[in-house]
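Let me begin by presenting the structure, written as structure tokens, before commenting on it.
The values are calculated or read from the model by the stated rules, or taken from the named source; none is laboratory data. Predicted model only: the values in this text are computed from it and were never measured. FYI the Cβ positions are ideal-geometry reconstructions off the backbone, even for glycines, and counts take in every protein chain you see.
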């Protein structure tokens, strides 16, 4: 009976140490996630990304996520008023339905303090 009791105590001791270890590792990971989380950032809305309130001096990367203007079969090189109304394409997102298109243009307008720039990305095929 004494040997069996020792085995049960060792098993309980091992389980307690394992639970404490897993709890500590999980806590460290949660703190790491909270500390290393990327800062909130603006999203592109209807083809425009407004960075007028963004601190550009921080030299942090700015994700270009959001809604981009999508021009199927068009290369945006002229006044946008002359082009047909663009569709909105979520970036990042599922582009599988667009695979059949031969060429397409994506455009985003980035606004910052005192300026507004338009950027175009053109792909011949997806």
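Considering only segment 58-67, I want to know if a residue exists there that is assigned by TED's automatic domain parsing to the domain that holds residue 113, part of a helix (DSSP H, G or I) and without any contact (Cβ under 8 Å) to a residue 24 or more places away in the chain.
Kept after step one, since they are assigned by TED's automatic domain parsing to the domain that holds residue 113, are these residues of segment 58-67: 58-67.
Narrowing further to those that are part of a helix (DSSP H, G or I): 58.
So of that shortlist, the ones also without any contact (Cβ under 8 Å) to a residue 24 or more places away in the chain come out as 58.
Among the residues of segment 58-67, at least one is assigned by TED's automatic domain parsing to the domain that holds residue 113, part of a helix (DSSP H, G or I) and without any contact (Cβ under 8 Å) to a residue 24 or more places away in the chain, which makes the answer yes.
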Please state which of the following conditions residue 52 fails to meet, knowing it meets all the rest: (1) in a helix (DSSP H, G or I); (2) touching a residue at least 60 places away in the same chain (Cβ under 8 Å).
(1)
Does segment 44-61 hold any residues that are within 14 Å of the chain's Cα centre (by Cα) and surrounded by 14 or more Cβ atoms within 10 Å (Cβ to Cβ), and which are they?
44
